[in-house]
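What follows is a set of notes on a single structure, which appears directly below.
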Amino acid sequence: MLQTFLCSIFKPILKVTAMQFHPNELFLVYDPQSNVGKQTRAIARDICKHINEVDVVHERLSPTYWKEILNMAKIHPNDLLDHSHPEYKIKVSTNTYTMDGWLEVLVHEGQLIKYPIVIFNGCAVVCRTPTDIMKIKPKPGEKVLPHLKDCH
């Protein structure tokens, strides 16, 4: 009931993103107000001209997309969250979650996501620093981003 109430309040503010992972696009899932997010976005624009930006504070990704992102990045949902954020301490730290619960936290509490996530060609990297975007590696035989051409 509480979830229905909250969704009725925030539904006009948040939009649900139907994101598809296209192999020629770089996906940037981030908070555009954070310093790391702004810097990662600047680097992303330098290395790829096709970027699909997802603002995790104002756009909701479905649990299915979050699960796919987590699998690609090989990371646990809790590792994406800012444990020092006041809302983390109130809403998350005192609870125990199943994977479905963690996915719901990611869907509904985008402001708690600490680091940008970059996805390209089936590879996801959590950018703890803006230059971590350079860790994106294509699958063998797949398109190579310009900054990686000399590496192969």
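Here the stretch 87-108 is the region considered, the condition is being buried (at least 16 other Cβ atoms within 10 Å of the Cβ) and touching a His at 6+ places or on another chain (Cβ under 9 Å), and the residue that is farthest from ALA73 (Cα to Cα) is VAL92. Residues that are surrounded by 15 or more Cβ atoms within 10 Å (Cβ to Cβ) and within 17 Å of VAL36 (Cβ to Cβ) within the stretch 70-86 comprise ALA73, ILE75, LEU80, LEU81, ASP82, HIS85, listed in sequence order. Before we move on, is ASN78 under 13 Å from VAL118 (Cα atoms) and of a type in the set (S, T, N, Q)? Against the criterion (under 13 Å from VAL118 (Cα atoms) and of a type in the set (S, T, N, Q)), ASN78 does not qualify. Considered as a group, the residues in the stretch 47-60 that are of a type in the set (A, V, I, L, M) and not in a helix (DSSP H, G or I) include one that is surrounded by the fewest Cβ atoms within 10 Å (Cβ to Cβ), and that residue is ILE51.
Please determine, by comparing only the residues of the stretch 33-45 that are touching a residue at least 12 places away in the same chain (Cβ under 8 Å) and surrounded by fewer than 16 Cβ atoms within 10 Å (Cβ to Cβ), which one is farthest from the chain's Cα centre (by Cα). The qualifying residue farthest from the chain's Cα centre (by Cα) is ALA42.
Scoring LYS135 on the criteria (1) in contact with a strand residue (DSSP E or B) (Cβ under 7 Å, 6 or more places away or on another chain); (2) at pLDDT below 80; (3) surrounded by fewer than 17 Cβ atoms within 10 Å (Cβ to Cβ) leaves a single failure, condition (2). From the list LEU106, LEU70, LEU112, the one residue that fits, being over 30 Å from ASN24 (Cβ atoms) and under 13 Å from the mean Cα position of the chain (by Cα), is LEU112.
The values are calculated or read from the model by the stated rules, or taken from the named source; none is laboratory data. Please read these numbers as outputs of a predicted model, since none were measured by experiment. Heads up, the Cβs are rebuilt from the backbone with ideal geometry, glycines too, and the neighbour counts pull from every protein chain shown.
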